[in-house]
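Participant: If you scroll down you'll find the structure; I have some questions about it.
The values are calculated or read from the model by the stated rules, or taken from the named source; none is laboratory data. Keep in mind that what you see is a predicted model, and the values were worked out from it rather than measured. For neighbour counting, all protein chains shown are included, and Cβ atoms are generated from backbone atoms with ideal geometry for every residue, glycine included. When the accessible area is computed, the model is the full protein with side chains, heavy atoms only, and any ligands, DNA or RNA have been set aside. Shrake-Rupley method; radii C 1.70, N 1.55, O 1.52, S 1.80 Å.
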Amino acid sequence: MRDVVEGAGCLLKEINLQHDFGHDATMMLVVNGEVRPREVALQIKSGVSYVSPTTCGLPATASHIYFWAEHDLVTLGVVYDPAEKSAWWIDLQTAAREFRVANPKKGTTFTFAKGLWNQFNQTDFASILVPTLLGEPPSVPLERLCTWVMDGDIETHDIGVRAIRARYYREAAAWECLIEAFKSKPVEQLTLSLPIALAKLLGHDDIGYYSNEIPEEVRAPAIAKVLTFNVDEISKLLSMLPDGDFDRPSIGYSLMPLFGQSSESPRILSVIRDNDRFAPSVREIAGELFEWYRRDPVWWGFWRRDTGKPH
């Protein structure tokens with residue numbers, strides 16, 4: 001543990017066992033030799049009883065959960081697997097706060113995956129964990145992020161999409177990765193972070209990525225691929241919506257460039273509306289959007305992205 005933290009230039013301070021109540025150590029973050037005003041607490045477990053081949057488990061009493069949830073310091077749980085000689089981490093403060101909402105007086109074991117992004121080692125500590133704790137996207141090569149995006153674990157997928165969206169949106173390979181993931185992955189392995197990224201690519205005054213933020217030689221081919229989205233892709237988008245709300249600033253409104261992107265969009269929506277292979281909720285939303293197009297074609301035309309006009 002100390003080797004990982006201090007190997008990245010950060011500072012580790014162990015807590016005397018006599019004063020240990022839910023924190024085994026604290027660490028001060030240091031980036032490029034500059035001490036950041038961020039101290040983080042650690043709760044550490046080690047041994048075969050805390051791990052399985054794919055997960056880690058961190059047991060907690062109700063008192064510990066309250067302590068972590070309300071403490072001034074962000075608390076990370078770190079579990080070491082002696083068989084693999086490696087450790088993985090979880091944001092224990094967030095997990096404790098979420099658990100307490102429905103279970104204010106209960107203990108539990110926080111079980112979390114041995115993911116592609118939460119390993120506690122020297123490389124990932126500096127490139128993933130420290131940026132995350134500072135509110136920044138991971139500093140990870142695009143190729144590795146694409147493996148996260150394609151992973152079946154939903155949290156790994158979402159982190160990969162968000163990191164690509166933040167760091168690599170000016171690169172063609174990033175959009176190839178995101179578009180392929182959206183088209184090929186089942187909807188239950190996608191989060192709204194991905195269609196939000198595609199809506200930004202197409203251009204949206206509320207959520208960003210205007211035409212001059214992505215090089216045109218990158219943006220134009222990527223938009224051309226999104227414009228080929230047909231019934232299957234649009235129905236997948238519709239199934240991801242939390243409701244049928246398209247008023248500003250709903251998720252539906254944020255995704256309007258995808259629903260109204262081309263002259264073919266009304267036809268696609270009508271096909272979805274009339275096809276019983278789609279879920280009733282999806283057909284209903286498609287029908288509502290189609291009626292919106294018929295009532296107000298001028299407003300609908302604002303979302304067209306096949307006209308060659310900059311957005």
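Participant: Name every residue in region 183-229 that is touching a helix residue (DSSP H, G or I) at 6+ places or on another chain (Cβ under 7 Å) and within 17 Å of residue 153 (Cβ to Cβ), in order of residue number.
Facilitator: Result: 187, 189, 190, 191, 192, 193, 194.
Participant: I would also like to ask the following. What are the residue pairs meeting all of these: first residue in region 162-190, first residue open to solvent by less than 50 Å² (accessible area, probe 1.4 Å), second residue β-branched (Val, Ile, Thr) and outside any helix (DSSP H, G or I), Cβ atoms under 8 Å, and 6 or more apart or on different chains?
Facilitator: Qualifying pairs under 8 Å: 163/140; 169/214.
Participant: If we keep just the residues of region 274-286 that are part of a helix (DSSP H, G or I) and within 30 Å of the chain's Cα centre (by Cα), which is surrounded by the fewest Cβ atoms within 10 Å (Cβ to Cβ)?
Facilitator: The selected residue is 280.
Participant: Right, another one. Can you pull out every residue in region 248-267 that is part of a helix (DSSP H, G or I) and open to solvent by 10 Å² or more (accessible area, probe 1.4 Å)?
Facilitator: 251, 253, 254, 266, 267
Participant: Right, something else. Among the listed residues 292, 300, which satisfies the condition of being crowded, with 19+ Cβ neighbours inside 10 Å, in a helix (DSSP H, G or I) and either at pLDDT below 95 or touching a Cys at 6+ places or on another chain (Cβ under 6 Å) (or both)?
Facilitator: So the residue among 292, 300 that is crowded, with 19+ Cβ neighbours inside 10 Å, in a helix (DSSP H, G or I) and either at pLDDT below 95 or touching a Cys at 6+ places or on another chain (Cβ under 6 Å) (or both) is 300.
Participant: Can you work out which of the residues in region 95-131 that are more than 17 Å from residue 78 (Cα to Cα) and among the charged types (D, E, K, R) is modelled with the lowest pLDDT?
Facilitator: 105
Participant: I'm trying to understand the selection: among the residues of region 58-93, which are hydroxyl-bearing (Ser, Thr, Tyr) and under 11 Å from residue 45 (Cα atoms)?
Facilitator: The one that is hydroxyl-bearing (Ser, Thr, Tyr) and under 11 Å from residue 45 (Cα atoms): 80.
Participant: Is one or more of the residues making up region 32-40 open to solvent by less than 50 Å² (accessible area, probe 1.4 Å) and in contact with a Gly (Cβ under 8 Å, 6 or more places away or on another chain)?
Facilitator: No, region 32-40 contains no residue that is open to solvent by less than 50 Å² (accessible area, probe 1.4 Å) and in contact with a Gly (Cβ under 8 Å, 6 or more places away or on another chain).
Per-residue answers, yes or no, for (1) among the polar types (S, T, N, Q); (2) under 20 Å from residue 14 (Cβ atoms):
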position: 47; (1), (2): no, yes
position: 50; (1), (2): no, yes
position: 68; (1), (2): no, yes
position: 72; (1), (2): no, yes
position: 87; (1), (2): no, yes
position: 99; (1), (2): no, no
position: 104; (1), (2): no, no
position: 109; (1), (2): yes, no
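Participant: Considering only residues that are out of contact with any helix residue (DSSP H, G or I) (no Cβ under 8 Å at 6 or more places or on another chain) and open to solvent by 60 Å² or more (accessible area, probe 1.4 Å), look in region 51-79 and name the one that is farthest from residue 117 (Cα to Cα).
Facilitator: In this case the residue turns out to be 63.
Participant: Right, here's the next one. With assigned to a helix (DSSP H, G or I) and surrounded by fewer than 17 Cβ atoms within 10 Å (Cβ to Cβ) as the only criterion, which of 213, 217 stands out?
Facilitator: None of the other options fit; the residue is 217.
Participant: Of these, 90, 159, which one is farther than 30 Å from residue 214 by Cβ, in contact with a Phe, Trp or Tyr (Cβ under 6 Å, 6 or more places away or on another chain) and open to solvent by 20 Å² or more (accessible area, probe 1.4 Å)?
Facilitator: Unique residue meeting the criteria: 90.
Participant: Next question. Across region 220-244, what is the total count of residues that are open to solvent by 40 Å² or more (accessible area, probe 1.4 Å), among the charged types (D, E, K, R) and closer than 14 Å to residue 182 by Cα?
Facilitator: 2
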